[in-house]
Amino acid sequence: MFRFKQFSILQEQAAMKVGTDGVLLGAWCSIEKVNTVLDIGTGTGLIALMLAQKSSKVRVDAVEIEAAAAEEAKQNFINSNWSDRLNLYLSSLQEFKPNKTYDFIASNPPYYTDTFSSEQTQRTLARHVASLSFRELLRICVGLLNNTGSCAFIIPYKEELGFIALAKEVGLFICKITRVKGREDLPFKRSLLCFNKTKEINLVDELIVEVDRHVYTDKYIALTQEFYLKM
């Protein structure tokens, strides 16, 4: 079990455990004027729980394709303080047909675009782009997002330009980018991207996680301290 300040995560059965990517995205998302949220590929439910903690008015729907992960996410929702505002759907995104659109969508999507797996283990299903391509993810997000809403993703830095181009093709415009590196002397590893349907704004900044091993930067601490126990 992984314990945060206001909730805990059971993750014995889930293929993808709690990791920095999910925490970064959940902490980075801005939902001040949001009422309805969709978390795509929720896994253990981490991002959905973080967003429920952030705002007492949001209702969060979470979609997960893998049955064991969905069951754990459901239990994590039930065990939280916000169980009445969290809903879990066992479904692929392609088959998910809600009767509403959303103010905000978040996803830590599959991203191994340069690898191929011959058998679909739980881990490859959770992390292999064959189960949900970037293009398909973005196309479906356009249909699920309110006209004034926004959506946020965390992807490998090397995929940033291609992802932004795909988003523009389907009608999503970049409004904020935060590029993430583990330390100052390392290359960028991840990109946090936020899009809307209206206009390109393109605010860009960067985030360095550590000064040294287990010594975190002030910016990373400020971003995550409402969640991590030891921040």
**Fill in**
Across 101, 20, 44, the residue with the highest GNM fluctuation in the chain (Cα network, 10 Å cutoff) is 20
**Complete:** Quick calc: nm separation of the 7 Å Cα→Cβ label points for residue 161 and residue 212 -> 3.7 nm
**Fill in**
antiparallel share of DSSP beta bridges within the chain, to nearest 5, in %, is 45 percent
**Message:** Net charge around residue 153, counting only other residues with Cβ within less than 12 Å of its Cβ (Lys, Arg = +1; Asp, Glu = -1)?
**Reply:** -2
**Asked** Percent relative contact order of the range 151-231, based on C-alpha pairs within less than 8 angstrom and at least six residues apart?
**Response** 28 percent
**21 Å Cα-Cα reach of residue 199 towards lysines, excluding residues that sit fewer than 8 places from it in its own chain** = 33, 168, 176
**Asked** Considering only 56, 41, 231, whose Cα is most displaced toward the positive end of the charge dipole of the chain, charges sitting on Cβ of Lys, Arg (+1) and Asp, Glu (-1)?
**Response** 56
**Message:** For the chain, set up a GNM with springs between Cα atoms under 10 Å and report which of 95, 12, 210 has the largest fluctuation.
**Reply:** 95
**Request:** Could you size up the charge dipole of the range 171-231 around its Cα centre, putting +1 on the beta carbon of Lys and Arg and -1 on that of Asp and Glu, and report it in debye to the nearest 20?
**Result:** 280 debye
**Request:** Please give the solvent-accessible surface of residue 209 in Å², to the nearest 10, using a probe radius of 1.4 Å with every protein chain present.
**Result:** 20 Å²
**Fill in**
Restricting to Cα pairs under 8 Å and 6 or more apart, the percent relative contact order of the range 29-74 works out to 45 percent
**Prompt:** What value, in deg cm²/dmol to 500, does the helix sum -39500 (n - 2.57) over DSSP H runs of n ≥ 4 give at 222 nm once divided by the residues of the chain?
**Reply:** -8000 deg cm²/dmol
**Prompt:** Ordering 72, 32 by how much accessible area each has at a 1.4 Å probe, largest first, what is the list?
**Reply:** 32, 72
**Fill in**
Expressed in nanometres to one decimal, the distance between label points 7 Å along Cα→Cβ at residue 230 and residue 168 is 4.3 nm
**Asked** If you average the sequence gap of Cα pairs under 8 Å that are 6 or more apart and divide by the length of the chain, what percent do you get for the contact order?
**Response** 17 percent
**Prompt:** Along the positive direction of the dipole of the chain (beta-carbon charges: Lys, Arg +1; Asp, Glu -1; about the Cα centre), which of 22, 177, 76 reaches farthest?
**Reply:** 177
**Asked** What is the spin-label model distance, in nm, from residue 6 to residue 219 if the labels are put 7 Å beyond Cα along the C-beta direction?
**Response** 2.5 nm
**Message:** Only four residue types carry charge here, +1 at the Cβ of Lys and Arg and -1 at the Cβ of Asp and Glu. Report the dipole size of the chain about the Cα centre in Debye, rounded to the nearest 20.
**Reply:** 420 debye
**Message:** Compute the orientation-averaged projected area for the chain from the convex hull of its Cα atoms and round it to one decimal in nm².
**Reply:** 12.1 nm²
**Fill in**
Residues whose built amide H sits under 5 Å from the amide H of residue 62, excluding neighbours closer than 5 in sequence, are 39, 87, 88, 89
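Once you have the Cα-Cα distance between residue 204 and residue 33, take 0.36 nm times their residue separation minus that, and quote the gain in nm to one decimal.
59.4 nm is the gain from fully extending residue 204 to residue 33.
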**Prompt:** What accessible surface, in Å², does a 1.4 Å probe find on residue 189, ignoring ligands, DNA and RNA and rounding to the nearest 10?
**Reply:** 130 Å²
**Request:** Mind running the shape call on the range 42-110? Use the C-alpha gyration tensor, a ≥ b ≥ c as the square roots of the eigenvalues: rounded below 1.5 for a/c, prolate if a/b tops b/c, oblate otherwise.
**Result:** oblate
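So which of 197/219; 54/158; 5/54; 74/230 end up more than 18 Å apart by C-alpha?
197/219; 54/158; 74/230
The values are calculated or read from the model by the stated rules, or taken from the named source; none is laboratory data. Bear in mind that the values here come from a model prediction, so they are computed numbers and not experimental data. All Cβ positions, glycine included, derive from the backbone under ideal geometry; neighbour counts span all protein chains shown. With ligands, DNA and RNA removed, areas are computed over all heavy atoms of the protein, side chains included. Shrake-Rupley method; radii C 1.70, N 1.55, O 1.52, S 1.80 Å.
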